[in-house]
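**Student:** Take a look at this one; I'll ask things after.
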Amino acid sequence: MRRGLGIGLRLGVAAGSVSLWRSSRWRAPAWTPLGEAAYARDESLHGDFAALGQALAQLLPAGQYAGWPLSVVLDDALARLWQVDMPQGAARLADIEAAAALRFQSLYGDPPGLWHSSSAWDARAPFFCAVPRALLAQLTRVAAERKLALIFITPQFARHWNRWHGALKPGAWFGQLQENALTLGVRHAGRLLAVRALPLPRDAQDAGRDWLAQTLAREALLQGVSAPALLQLCGAPPAGWLAPAQAFHCQIFSTPDGEAALSPAACLARSGGVA
């Protein structure tokens with residue numbers, strides 16, 4: 001298929017489904033859906049992700065998009081996100097990577113060899129993300145077979161943090177809301193202290209403002225800081241989260257148009273804009 005200037009492919013990979021969209025930087029419509037497919041998810045994240053590879057091959061017919069740029073946004077549930085304090089006197093990248101590996105194993109207990117780690121850098125607040133090597137292998141294999149130019153593969157939290165962290169107000173925490181999880185960027189004095197992925201209650205009625213207030217207070221206690229007066233979010237929060245209150249309030253950074261009608265994988269694909 002012939003590609004116009006500023007046109008690319010964006011793939012959203014959710015836990016159990018994938019959604020492919022064509023993005024256009026300069027021409028309307030900015031987003032055009034190309035297809036969705038389900039795949040059997042390995043809950044442990046230690047499988048071979050062969051079902052994901054089959055779903056991708058279904059969405060990307062051989063020869064149809066040869067030469068197109070492809071960007072991939074992952075559900076945070078498919079990644080591991082954590083923040084690391086720099087070792088005292090660390091002067092080499094190897095020191096930082098070793099500290100990150102130790103922190104990863106203490107938090108998750110998974111063999112580091114099964115995961116590919118990379119850093120997401122803010123000049124003041126580095127944090128790390130890790131993605132299963134088997135998942136990356138399927139994405140890179142299909143991209144190579146279909147002759148696609150793979151631009152980036154990133155969890156949604158990192159995608160939105162990179163875009164919005166400079167707009168955070170003093171004292172605010174950052175939040176990324178997905179279908180079943182809230183990922184928090186806990187901040188203090190303008191510095192990122194921790195990245196915390198928290199499951200939402202299964203019953204939507206239990207995920208109201210009281211749950212959010214208790215969650216923020218608990219995370220603040222764990223980090224030894226005050227609970228935030230402002231939570232700045234990407235995603236579509238329950239209506240109760242936006243109600244005025246004395247303790248704290250929420251502000252939405254970004255919600256894709258029509259998100260209520262989109263699948264979780266489609267929301268991932270369209271997150272962060274077309275750039």
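**Student:** Would you calculate the separation in nanometres between label points at residue 188 and residue 44, each defined as 7 Å from the Cα along the Cα-to-beta-carbon direction?
**Tutor:** 3.7
**Student:** Of 108, 132, 223, which is farthest along the charge dipole of the range 100-245 in the positive direction, counting Lys and Arg as +1 and Asp and Glu as -1 at C-beta?
**Tutor:** About the Cα centre, the residue reaching furthest to the positive side is 132.
**Student:** Starting at the first residue of the range 232-245, write each ³J(HN,Hα) from the Karplus equation 6.51 cos²θ - 1.76 cosθ + 1.60 with θ = phi - 60°, in whole Hz, x for Gly and Pro.
**Tutor:** Values per residue, Gly and Pro as x: 9, 10, 10, x, 10, x, x, 4, x, 5, 8, 5, x, 7 Hz.
**Student:** Show me, for the range 135-140, the HN-Hα J-couplings you get by feeding each phi into the Karplus relation (A = 6.51, B = -1.76, C = 1.60, θ = phi - 60°), rounded to Hz, glycine and proline as x.
**Tutor:** 5, 4, 4, 5, 5, 6
**Student:** Then there is this: Using the heavy atoms of the protein chains and a 1.4 angstrom probe, tell me the accessible area per residue for the range 142-274 in square angstrom.
**Tutor:** Averaged over the residues of the range 142-274, the accessible area is 48 Å².
**Student:** State the percentage of accessible surface on the chain attributable to carbon and sulfur atoms; use a 1.4 Å probe and exclude ligands, DNA and RNA.
**Tutor:** Answer for the chain: carbon and sulfur cover 53 percent of the accessible area.
**Student:** Working out 0.36 nm times the residue gap between residue 141 and residue 119, then minus their Cα-Cα distance, what length gain in nm do you get to one decimal?
**Tutor:** Using 0.36 nm per residue and subtracting the Cα-Cα distance, I get 5.6 nm.
**Student:** Please find the FRET efficiency linking residue 222 to residue 54, where r is the Cβ-Cβ separation and R0 is fixed at 51 Å, and quote it to the nearest 0.05.
**Tutor:** 0.80
**Student:** Rank-order 8-18, 178-188 by packing density, defined as the average count of other C-beta atoms within 10 Å over each peptide's residues, highest first.
**Tutor:** Packing proxy ranking, top to bottom: 8-18, 178-188.
**Student:** Please work out how much length the chain gains when fully extended from residue 203 to residue 94, using 0.36 nm per residue of separation minus the C-alpha to C-alpha distance, in nm with one decimal.
**Tutor:** The residue 203-residue 94 span can extend by a further 34.8 nm.
**Student:** Rounded to the nearest 5, what is the percent of antiparallel bridges among the DSSP beta bridges in the chain?
**Tutor:** Within the chain, antiparallel bridges account for around 65 percent of the total.
**Student:** A further question on this structure: Between residue 229 and residue 179, what FRET efficiency follows from the Cβ-Cβ distance if R0 is 25 Å, with the result rounded to 0.05?
**Tutor:** Step by step, r from the Cβ atoms, then E = 0.40.
**Student:** Tell me, what HN-Hα J-couplings in whole Hz come from the Karplus equation 6.51 cos²θ - 1.76 cosθ + 1.60 at θ = phi - 60° for each residue of the range 262-270, using x for Gly and Pro?
**Tutor:** 9, 6, x, 5, 5, 4, 5, 4, 8
**Student:** Compute the distance in nm between two label points, each set 7 Å from the Cα along the Cα-to-Cβ direction, one at residue 210 and one at residue 252.
**Tutor:** 2.5
**Student:** Sorted by mean Cβ packing within 10 Å, highest first, what order do the peptides 148-158, 190-200, 100-110 take?
**Tutor:** Ranked by mean Cβ neighbours within 10 Å, highest first: 148-158, 190-200, 100-110.
**Student:** Calculated from DSSP H runs of 4 or more alone, at -39500 (n - 2.57) each and per residue, what is the 222 nm mean residue ellipticity of the chain, nearest 500?
**Tutor:** -7500 deg cm²/dmol
**Student:** Roughly how big is the chain's charge dipole about its Cα centre, with Cβ charges of +1 (Lys, Arg) and -1 (Asp, Glu), in debye to the nearest 20?
**Tutor:** Roughly 960 debye, rounded to the nearest 20.
**Student:** Further question: Could you work out how far apart the two model spin labels at residue 243 and residue 34 are, taking each label as a point 7 Å from the Cα in the direction of the beta carbon, and quote it in nm?
**Tutor:** Placing both labels 7 Å beyond Cα along the Cβ direction yields 4.4 nm.
The values are calculated or read from the model by the stated rules, or taken from the named source; none is laboratory data. This one's a predicted model, so the numbers in the text were calculated from it and none came from an experiment. Virtual Cβ from ideal backbone geometry, glycine too; neighbours counted across all protein chains shown. Note: areas computed on protein heavy atoms with side chains; ligands, DNA, RNA excluded. Shrake-Rupley method; radii C 1.70, N 1.55, O 1.52, S 1.80 Å.
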